[in-house]
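Q: The structure follows.
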Amino acid sequence: MNSPTLTKLTKMTTTTNDLPTQLLQLGLPATAHALDDFLARATKSRWSPRLIQELARAEVQERSRRSLERRLRVARIGRFRPMADFNWNWPSKIDRPTIERALTLDFIPEARNFILMGSNGLGKTMMAQNIAFAALQAGYSVLFRTASDILTDLHCDSPQILRRRLQRYARPDLLCIDELAYLSYDDDAADLLYELVSRRYERRSIVITTNKAFKEWNTVFPNATSIATLLDRLTHHADISLLEGQSYRVRESEIEIAARRQKS
């Protein structure tokens with residue numbers, strides 16, 4: 001994440017200017033509870049109460065910045081374009097109100113899921129990244145991983161290691177699973193995914209991007225017996241947004257090729 005973005009993020013997440021609250025956040029409860037007496041002594045001794053406020057504000061802001069840097073590293077959202085750059089007119093079909101509502105994060109306190117379904121190149125990953133970023137700004141813990149990365153991580157021989165890894169994915173307030181059903185998986189993958197979804201079911205939210213309709217998931221997880229139960233848990237409390245149209249990435253490539261030809 002580049003520094004301008006971090007600067008903007010820090011400003012957006014700066015805590016209240018209330019000095020007692022800031023002192024408590026800094027781990028200075030004695031000063032916070034005796035603040036009136038402390039400020040009276042500061043005034044009598046001609047200290048500057050404004051200086052104390054600025055010191056507390058600067059320390060809180062720096063701690064907030066460091067916390068956000070750490071949570072961004074853990075989340076692994078990656079580079080992405082903001083929603084302001086998204087061309088809502090490009091997809092031939094898109095449920096804009098549902099997507100914009102998801103960007104308000106209203107589904108997270110309700111432990112609901114949000115599923116973006118559609119063909120490649122329509123901005124599903126970009127939208128999921130923006131939702132994840134907004135969640136971080138709001139103070140939520142977030143993990144953003146591809147389905148392939150998660151399932152590869154969960155494939156292990158040790159039951160103890162598997163439990164720890166499942167707990168790692170079950171713990172964050174928001175788990176974003178990108179590119180689910182883009183690849184075919186072995187017979188155990190659906191069961192592992194079911195275990196993960198079950199641990200988060202009605203507790204914490206999941207955002208999923210997929211390029212296949214649910215009826216096609218049996219081709220992605222061949223011979224899996226848990227597909228129906230997995231989909232039941234995944235969609236029980238979920239908003240599903242369907243996108244249709246041609247790949248915008250292909251369109252951008254065509255424009256770039258045409259521009260280079262004009263220059264040559």
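Q: Residue by residue through the stretch 127-155, note down the ones that are surrounded by 20 or more Cβ atoms within 10 Å (Cβ to Cβ) and among the charged types (D, E, K, R).
A: Passing the criteria: none in range.
Q: Being open to solvent by 30 Å² or more (accessible area, probe 1.4 Å), part of a helix (DSSP H, G or I) and in contact with a Lys or Arg (Cβ under 8 Å, 6 or more places away or on another chain) is the requirement here; does GLN160 meet it?
A: Judged against the criteria, GLN160 is not a match.
Q: Looking at LEU234, is it outside any strand (DSSP E or B), touching a residue at least 12 places away in the same chain (Cβ under 8 Å) and farther than 26 Å from LEU122 by Cα?
A: no
Q: Give me the residue from the stretch 46-83 that is basic (Lys, Arg), open to solvent by 50 Å² or more (accessible area, probe 1.4 Å) and closer than 20 Å to CYS176 by Cβ and, out of that set, modelled with the lowest pLDDT.
A: Only one residue fits best here, namely ARG70.
Q: Say whether the condition of being of a type outside the set (S, T, N, Q) and under 23 Å from PRO97 (Cα atoms) is met by at least one residue in the stretch 214-225.
A: Within the stretch 214-225 (the criterion being of a type outside the set (S, T, N, Q) and under 23 Å from PRO97 (Cα atoms)), the answer is yes, since at least one residue qualifies.
Q: Follow-up. Just to verify a result, which residue in the stretch 199-221, among those that are outside any helix (DSSP H, G or I) and aliphatic (A, V, I, L, M), is farthest from ILE150 (Cα to Cα)?
A: ALA213
Q: Would you call LEU196 in contact (Cβ under 8 Å) with a residue 40 or more places away in the chain, part of a helix (DSSP H, G or I), over 23 Å from LYS93 (Cα atoms) and within 26 Å of the chain's Cα centre (by Cα)?
A: Taking the combined requirement at face value, the residue satisfies it.
Q: Could you say which residue among THR31, THR43, THR125 is at pLDDT 95 or above, part of a helix (DSSP H, G or I) and of a type outside the set (Gly, Ala, Ser)?
A: THR125
Q: Then there is this: Take the conditions without any contact (Cβ under 8 Å) to a residue 24 or more places away in the chain, in a helix (DSSP H, G or I), farther than 30 Å from ARG251 by Cβ and hydrophobic (A, V, I, L, M, F, W, C) and apply them to ILE150. Does it pass?
A: Judged against the criteria, ILE150 is not a match.
The values are calculated or read from the model by the stated rules, or taken from the named source; none is laboratory data. Just so it is clear, the model here is predicted, and its values are computed rather than measured. Cβ sites come from the backbone with ideal geometry, for glycine too, and all protein chains shown count toward neighbours. Each accessible area value is taken on the protein alone, full model and side chains, heavy atoms only, with ligands, DNA and RNA left out. Shrake-Rupley method; radii C 1.70, N 1.55, O 1.52, S 1.80 Å.
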